[in-house]
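K.L.:
Below you will find the structure I want to go over with you.
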Amino acid sequence: MAQWQEVQLLEKTYLEKVHELYSEDHLPMEVRQYLAPWLEDQNWSRAAEPHSAEAHMLFHTLLALLDDQYSRFGTRTEDFVLKHNLRKSKLNLQAKYRECPEQLANVIANLLREEKAILNRGLAAQQAAAQPTSSAPMETDRQQKIERRLVETRAAVQELDREVRHLEELQDTFDFRYKMHRMVANGAPASPELARQTEQLQAMLNSLDRSRKDVLARAQELLGRCETLRDFLLEELAEWKERQRRACLGAACDTSLSHLQTWFTAAAEGLFQLWRLLWALGDQHAKLTYLHDPLETRRPLLESRLQEHLSCLLRSAFVVEIQPIMPFPNQRPLVLKTGSKFSVRARLLVKLQDRSHRLEAKIILDQHPPDVKGFRKFNILTSTSKTLVQDDPQMEGLVCDFRHISLKDQRAGASGKGSKGASEGLPAVTEELHLITFTLDYKYQDLVLELQTSTLPVVIISSNNQFSSAWASVLWFNMLSPDPKNQLFFSAPPAASWAQLAQVLSWQFSVATKRGLDEDQLHMLAEKLFGLEATPASTLTWARFAKDNPPVFCFWTWLDGILSLIQEHLAQLWKDGHIMGFVSRKRERQLLKRKQMGTFLLRFSESSRDGGITCSWVEPGEKGQPKVRSVEPYTKVELKSLELPDIIHDYQLVAAENIPENPLKFLYPSTPRDEAFGKYYTERREVDLLEQKKYLNQRLIRVSSRQPSEPWLPEGMVEASPAAAGPGPDQLEVLELGTEQLELGASGLEVLEALEQELDLMRFDSADSNMLRGGDPYLPLPDDVPPPVLPGNTLFLGANDFPPLQVDSKDFQ
């Protein structure tokens, strides 16, 4: 649908604004109505450029189309008024713009732009009314001021344009009469008529002088309005850059440049038009000047002020739209690896007026490197220059898109190890900050500019194992550095408050896992870092956050390991809220002891460097008191073999009469296990003997046996360490089928040896391949076998109460 058709469907409030737009006699609304599709298809902004041949062509085409439309009307009475109005409109346009079709092109371009803005606001209002719960951002007070100031500036520029043309007419009239007077007065004797003509010429010159002063005063006032508008735009741009910086860290921020691009382009167009008007005044001054001519003294000052203002606006309009980022991992920008491709994009937010030469941007790495010993230097292996192009016909700006760039360390055979620099007193690789700079040369008449913009500092690594530390540097810098170009930030990095850090950590989980951290989880992390006295003002040093001190690993190493574990193995479980994640052991006991027996929760291990997840549940203890039990953490190694939902489903303890039992019954707070995890279970299928044994070897089934009087683990237990020397009398060993580890008291070893033999001897029954023989305790009993009855006096039996397993090989085929 054409823009004009959409405009006519707007609500009454916005239609009134359209009527106001066409209330002045710039372009009659009937012309807009009859030539709507053709007007919208032309590039009026390009035609508005000075001495444009396209403007003359479009002007004559417009008049011809009006003639064609006029001829379409019939002889009916109702057509008579329409024909009259259309003929009048054509004659007015012809008389007004015959000598300056560029002005008509500029008027139409501005009207179409204002129309589009009204249409967008009207459509946004309709969508907001249709969806009242939407959280569409409201325009800020400054944004409203920008919109108003742009409208005022356009109107002031158009009014100044009329006054300059009127001034030119006065000057031409005076010049003609002055020359005629000189021809008549040359050699003629003095007479009252000549004296009267001289007085008239003096009066005309005085009027011309006043008009020149008025025009210069209006130009100065307009320039003041433009400077205020520029200040508003620079404030808005600074906020956008801060939003982009936060978005790089994972915040959900609007980094669209559409509004800024519209505003910068409109502001620049006003300034360029004012530049042309001052040049027109310069031409008038060259044709006619006199003693104390204001154009001779005041116009150069205005031009200088305008040039400074335009230079500032254009330099600010050159921005980095997309910060440097590698294709993978694509959610963490500003970390680059030597030899790997990355991309970066810069945008000029205004459409420049001069098209006589190609605009080419160049890219430079570390244009002014810091004077630091050992600071690395890199070569850019691909082309370092790109031509600015218009990437979207609907957008006014120009972009230079550098893709597939790669870097190479200038040092021959440089290893780039992060610890090497630190050991030699040089800056660590992951704390070394580099800047990528774009430069662009631009010339418009007497205005010659070099535009520059820089990316946020990047960290360059040479090995993937440096990536986590490099990202920690990016987080710390952009969280705390007030100067986005400070390459020496890590020479004395400041501490971060917990209020700052908590927000950034939650962003990491939101980006990587689609679920941020809640208040309880953040509180647990704060207590881990600062103890029970943690407050939002508590501070953490850079060393504690990101500096490993083997064998102790730092906070970020631990947290990033958990992020990696979630991304690779637990993404959907975490996103769906089934993993409580960050909860202290004390809080864990408080939560579980209030719940029914068999309630369990999932939390992340605090002792696993590369990320681990453990399960804790509540069961009856001594004297009927609830006890909380935990298992050794599952890491990436185990989760590669079997997914966590299957582990939870298969988790079993050997209870009375050698009957396996799953103690995990309800996911905290009270969701039945299979209801919570059923949709994640892996579909099982029967395979041949070798595949079946392989499957069983991968099942991480935990088995336990203990005396009724034996404590499981002491209250306040810590997670078992794989490096423990061996079980004590009150400790449990750990069994994982396939890794030959078993949770078992010494009294139950005979039972498990028999169990292991039975598993090895299992075969498929050729008569019924769906059933396994051998009394497999890990498979459900047939329907015709009654369930075993446990003794009522105790849940667990001693080792002597287990009947010995009798396995007869004749029972297997």
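The values are calculated or read from the model by the stated rules, or taken from the named source; none is laboratory data. Remember, predicted model here, so these are calculated numbers, not experimental data. Virtual Cβ from ideal backbone geometry, glycine too; neighbours counted across all protein chains shown. Side chains are part of the model used for accessible areas, which takes the heavy atoms of the whole protein and leaves out ligands, DNA and RNA. Shrake-Rupley method; radii C 1.70, N 1.55, O 1.52, S 1.80 Å.
K.L.:
Is the shape of region 1-96 best called rounded, prolate or oblate, per the rule: a/c under 1.5 gives rounded, else a/b larger than b/c gives prolate, else oblate, with a ≥ b ≥ c the square roots of the Cα gyration tensor eigenvalues? Before the final figure, lay out each step's value.
P.N.:
On the way: a/c = 1.72, a/b = 1.08, b/c = 1.59.
Verdict is oblate for region 1-96.
K.L.:
At 0.36 nm per residue, minus the direct Cα-Cα distance, what do A492 and D25 gain on full extension? Give it in nm, one decimal, please. Could the numbers behind the result be given before it?
P.N.:
Details: separation 467, 0.36 × 467 = 168.12 nm, distance 6.47 nm.
Taking A492 through D25 to full extension adds about 161.6 nm, to one decimal.
K.L.:
Tell me the per residue accessible area of region 1-103 using a 1.4 Å probe; a whole number in Å² is fine.
P.N.:
Working: 6260 Å² over 103 residues.
For region 1-103, the solvent-accessible area averages 61 Å² per residue.
K.L.:
Would you kindly state how much longer the chain becomes between I364 and L123 on full extension, computed as 0.36 nm times their sequence separation minus their alpha carbon distance, in nm to one decimal? Walk me through the numbers on the way to the answer.
P.N.:
On the way: separation 241, 0.36 × 241 = 86.76 nm, distance 4.34 nm.
Here the answer is 82.4 nm.
K.L.:
What FRET efficiency comes out for the pair E193/L291, r = Cβ-Cβ distance, R0 = 25 Å, nearest 0.05? If you can, show how the numbers build up before the last one.
P.N.:
Details: r = 26 Å, r/R0 = 1.03.
Result of the calculation: an efficiency of 0.45.
K.L.:
Take the alpha-carbon centre of region 475-551, take the same for region 146-207, and report the distance between them in whole Å.
P.N.:
Result: 70 Å between the Cα centres.
K.L.:
Separate question: Under 16 Å from the 7 Å Cα→Cβ point of S670, by amide nitrogen: which residues of region 568-596?
P.N.:
591-596
K.L.:
Which FRET efficiency value, to the nearest 0.05, do you get for L65 and C100 by plugging their Cβ-Cβ distance into 1/(1 + (r/R0)^6) with R0 = 22 Å?
P.N.:
It comes to 0.65.
K.L.:
Under a point spin-label approximation (7 Å from Cα along Cα-to-Cβ), what is the L381-A499 distance to one decimal in nm?
P.N.:
Computed distance between label sites L381 and A499 equals 4.7 nm.
K.L.:
Restricting to lysine pairs 8 or more places apart or on different chains, what number in region 1-110 have Cα atoms under 26 Å apart?
P.N.:
Lysine pairs satisfying the spacing and distance rule in region 1-110 number 5.
K.L.:
At 7 Å along Cα-to-Cβ for each site, give me the label-to-label distance between N85 and S343 in nm.
P.N.:
5.1 nm
K.L.:
I'd like to compare 64-72, 594-602: which one has the highest average count of other Cβ atoms within 10 Å, and what's the full order after that?
P.N.:
Numbers: 64-72: 13.4, 594-602: 18.6.
Per-residue Cβ counts within 10 Å, averaged per peptide and sorted highest first, yield 594-602, 64-72.
K.L.:
Here's another thing I want to ask about it. Taking a probe of 1.4 Å, how large is the accessible area per residue of region 614-653, in Å²? Write out the running numbers ahead of the final one.
P.N.:
On the way: 1500 Å² over 40 residues.
Here the per-residue accessible area is 38 Å².
K.L.:
Counting only protein heavy atoms and a 1.4 Å probe, tell me what percentage of region 267-383's accessible area is made up of carbon and sulfur. Before the final figure, lay out the partial values.
P.N.:
On the way: 2840 of 5390 Å².
Carbon and sulfur: 53 percent of the exposed surface of region 267-383.
K.L.:
Kindly rank 402-410, 520-528, 445-453 from highest to lowest mean number of other beta carbons found within 10 Å of each residue. Walk me through the intermediate numbers first.
P.N.:
Details: 402-410: 16.1, 520-528: 18.2, 445-453: 14.4.
Most protected by this proxy first, the peptides run 520-528, 402-410, 445-453.
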